[in-house]
1. Output needed for the range 420-522: three equivalent-ellipsoid semi-axes, defined as square roots of 5 times the C-alpha gyration tensor eigenvalues, in descending order, whole Å.
2. Relative to the longest principal Cα axis of the chain, at what angle does helix 27-37 sit, 0 to 90 degrees, rounded to 10?
3. Determine the distance separating the Cα centre of the range 71-98 from the Cα centre of the range 4-47; give it in Å without decimals.
4. Leaving out ligands, DNA and RNA, and with a 1.4 Å probe, what % of the accessible surface on the range 231-341 is carbon or sulfur?
5. When the distances between all Cα atoms of the chain are binned every 10 Å from zero, what whole-number percent does each bin get?
6. Under 11 Å from the Cβ of Gly157, count the other residues' Cβ atoms, weight Lys and Arg +1, Asp and Glu -1, and hand me the total.
7. Against the longest principal axis of the chain, how steep is helix 92-102, in degrees 0 to 90 to the nearest 10, with axes from Cα atoms?
8. To the nearest 20 debye, what is the magnitude of the charge dipole of the chain about its Cα centre, counting +1 on the Cβ of each Lys and Arg and -1 on the Cβ of each Asp and Glu?
Amino acid sequence: MFSIPNEKKAKDVMNKDFITLSESDNLGNAIDLIIKHNEREVMIINEEREIKGIVSLTDICNISRKKENYRYMLVSEFMAQNIIYVDKDAKLGECRNIMRKNNIGVLPILEDSKILGVINQKHIRDFLYMELEDYGITVKHIIGEIKEGICAMNSDGIVVLWNRFMEERYDIKSEDIVGKHMEIYLKDTISAKVLHTRTRESGMYTCAEKDVYGLVDANPTYIEGEFVGVVCTEVDITEAKKLSQKLDKAKDRLKYLQDEVKNLSGGSFDSILGKSYKLEKAKEIAKRVSKTTSSIFIFGESGTGKEVFSRAIHDYSERKGQFIPVNCSAIPSELFESEFFGYESGSFTGANKKGKMGIFELAKNGTVFLDEIADLPLSMQAKLLRVLEEKEIRRIGGEKVIKVDARIISATNKNLLELIKQGKFREDLYYRLNVVQIDLPALRERKEDIAILVYKFIKEICKQNNKEILEISKEAMKALQKYRWKGNIRELKNTMENVAILSRGDIIEIDDIPEYILDEVKDNNIEEEYPLDLTKAISKLEVNTITKAMQMANGNKAKAAKILNIPRTTLYYKMELYNIKTSKNGQ
């Protein structure tokens, strides 16, 4: 049964069989009793058992050297009267401290001024030793069963405690290391550091030989303000660390998967709507090359669906890895390398303590889509070229070479050949990336597909906003088909969202189309109506331009002339020549 540590009181330890004399007794009586009972002190008390003084063996020896007939002298003449005593309920620790502080060998125990017993240092020492021995056995067994490492060393670095966990962890027996300097067995430990700094230290360590991880916490220990050593605890986190590493990789992959789930429906060629010749040609090339490992370069204006095409190629290729899209223009130049290749823990200030997988690791056996490749810094172009050639990477701060097998699809809306001439893009990288080129047509080059896209977007937007599916009039559709769509499919989708949400009826009419689209369509119509006869075309252009200026000036000829940047007389002449009428308030 485990011993229960508790604070003993003076009454529990005191000696009740102490020697007493009265003040009228002589030193001879005191000497005889001391010898008989093998004691060192005699308590001098009165009839009420109140203590009046103490005569010690030391006092008698001192007197014997000065007086010849000392045995017949009264004890009252030589007893110590400045008595230090304690109450019966005083704690044993307090008694010990009082005796040490005052350098006395015996301490009377009183109750209501009457002596009950005495305590001397031997009593305390014997009692504490037995308690300590019993308690030490208990603590040793408890510490041995703790499933954590416990180590302690004194202020000189000598090991004083080494439990069973530490024995198994380091293959060092307690009987071998206890009593010896820590540095003999283990070098550069956290405990050794705390021994010198005397400040708390904690951290994780790795033992490469055993492939184990530990969390160590070392604390300086003080007793009554005095530094006495270091206590160190250690927790085995090997399983937790390995599980954490697996979870980190899973989280990185999961994050990308979550971002891509919403795009799964757009990841096949069937979802790329359109039947125009140029689009079908691009699809056909993409399908043929998707099953290969060749790098693909997609060229097209902004909004033509370069990423959608890339996803379709990846899905059609049946590659087992992930599709990882990267916008090269959105990554700060100082983060390019860490994003592409990843980094080990603690490799730079602000780095994740657990490290991070790079894009190429995440895309193992998958596809990396490098959008806006023209914005890739020259320094990274060289490193990307090396990856494409050697098929391997190394994390920042790491030494391990990691093999990669990711298909590269790059895309841009810029002329890379022109950038090569300007020295802004590497020619060797260009030819590595552009093994197969796919040109995506602008929306204005496949106007026959606009109606298909319009109906699709109307249906999607209405469902998202809980509206009945809208119809669209022929005039409105005709206007959309004649517009040039500089932003291509992205601009068309945003426009249809605006129109569908703001439309008040069940049919999208020409009046629901944004004004800027109608104005451009109108101008395009005017240009298309010009005859091939140059003289007639100029005349028609002048009539249309003067009429428009007069409308803008509300019939004011002076303002219209300023708008047209011609003299007023020329305006009068042209209006009369072409028989252009004006309002009654015209000037």
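The values are calculated or read from the model by the stated rules, or taken from the named source; none is laboratory data. Since this is a predicted model, take the numbers as computed values, not measurements. Using ideal geometry, Cβ is built from the backbone for each residue, glycine included, and neighbour counts are taken over all protein chains shown. When the accessible area is computed, the model is the full protein with side chains, heavy atoms only, and any ligands, DNA or RNA have been set aside. Shrake-Rupley method; radii C 1.70, N 1.55, O 1.52, S 1.80 Å.
1. 36, 16, 12
2. Relative to the chain, helix 27-37 is tipped by roughly 60 degrees.
3. Using only Cα atoms, the two centres lie 10 Å from each other.
4. 55
5. Percent of Cα pairs in each bin: 3, 11, 12, 11, 10, 10, 8, 7, 6, 6, 6, 5, 3, 2, 1, 0, 0.
6. Once all neighbours under 11 Å are counted, the net charge is -1.
7. On a 0 to 90 degree scale, this one is about 70.
8. On the way: 93 positive and 93 negative charges, 644 e Å.
The dipole magnitude comes to about 3100 debye.
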